[in-house]
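A quick write-up on the structure given underneath.
What follows is calculated from the coordinates using simple rules that are stated; it is not laboratory data. The structure displayed is predicted, hence computed values, not measured ones. Counting neighbours? That spans all protein chains shown, and the Cβs are built from the backbone with ideal geometry, glycine included.
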Amino acid sequence: MAKLRSFKTVVEEESFSRASRKLLRTQPAVSLAIKRLEEQVGHRLLERTRPKPLLTDAGRVVFEYAQRFELERRKLVDELDELDNLVAGRLSIGANESSTLYLMRHLKRFRRLYPKIGVRVQRTISSEIPNQIVQGKLELGVISYASNEARLASKVIYTDHLAFIVAPQHRLAGKDSVSIKELGGEAFIAHNVVSPYRGAVLEVFTRHRVSLNMEIEMPTVETIRRLVQSNEGVAFLPRMCVGQEIRQGMLCEVRVDEIFVQRPIHLVYPENRILSQASKAFLELVGES
């Protein structure tokens, strides 16, 4: 790069002496750089004539290349500066369907602070997120359990709980709380994605010897929510996923005396890997919340 820059400067300044002053180098050092460039490409690039050096045919080809190279170098430097100053780049986070909702308020703040950074949330099975971060496929991830992957660091960004929800016209809708024994005859709409919280609910029902009738299993939180609103059954869902519907009276939350399952939401990231400027900024923003 230094040899190419020396050559380009001599051609533009039409003088070895002026080029050396501009480059803050001695004239012999500039001459040596061009000689080594000529040896490297295998062609004479300049005719050392007076009053100014002249380009050979090969020199004209290399000079055009040097101009293009300098433009690309400046573009590279500018783009790296933009990344450093958070006016370019992309924030990419892996999360499952429900965990994405926990990101909303953080992403809104991030977009207000850094509007030129693109944001991409990649829908990913929660259990696969730690391994994908370790493999370098993801940089950040959101999970609702504590990962035991030693190569990852994490911070809790939200604490939620599983909510027992029913339709407003359901027989339990007017109650503040119920016993688990009252749920034995209910038709539960279950999420057919395996999770620690599904296991926790199953364990409580088993311990209290109450049947958990999972008559319908659905692939998304949205479909479960809609079926419950239609009074097709009842469900346990993350409170964050149904908070708006509860406030609007479209769903009712009823406390189950024997069940209180909290959901700490973890933001996970590599422990000893350099993060992008966008990811560093997001981590800092989350830490301030």
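Descriptive notes on the structure:
- Cross-link pairs beyond the 25 Å C-alpha cut-off, checked among LYS155/LYS181; LYS108/LYS155; LYS155/LYS175; LYS108/LYS175: LYS155/LYS181; LYS155/LYS175; LYS108/LYS175
- Computed over the chain, the percent of Cα pairs more than 35 Å apart is 48.
- Aspartates and glutamates with Cα under 14 Å of LYS137, excluding same-chain neighbours fewer than 8 positions away: GLU128
- Cross-link partners of LYS280 among aspartates and glutamates, defined as those whose alpha carbon lies under 16 angstrom from its own and excluding same-chain residues fewer than eight positions apart: ASP81, GLU82, ASP84, GLU139, GLU271, GLU288.
- Whole-number D in µm²/s for the range 209-264 (Stokes-Einstein; Kirkwood sum over Cα pairs; 20 °C, 1.002 mPa s): 171 µm²/s
- Note on the range 2-78: Lys pairs 8 or more places apart or on different chains, Cα atoms under 19 Å apart, count 9.
- Extended-chain gain in nm, criterion 0.36 nm per residue less alpha-carbon gap, ASP257 and LYS181: 26.4 nm
- Projected area averaged over orientations for the range 159-263, convex hull of C-alpha atoms, nm²: 5.9 nm²
- Sites matching chymotrypsin sites (Phe, Trp or Tyr not before Pro) across the range 207-289 that sit in DSSP coil, with at most 16 neighbouring C-beta atoms within 10 Å: PHE260
- Fewest-first ranking of ILE265, ILE274, using other Cβ atoms within 10 Å as the exposure measure: ILE274, ILE265
- Computed from label points 7 Å out along Cα-Cβ, the spacing between LEU55 and ASN148 is 6.7 nm.
- Karplus 3J(HN,Hα) series, Hz, for the range 110-117 with 6.51 cos²θ - 1.76 cosθ + 1.60 (x for Gly, Pro): 4, 5, 5, 7, 10, x, 8, 8
- Computed over the Cα atoms of the range 2-78, pair by distinct pair, the Kirkwood hydrodynamic radius stands at 12.5 angstrom.
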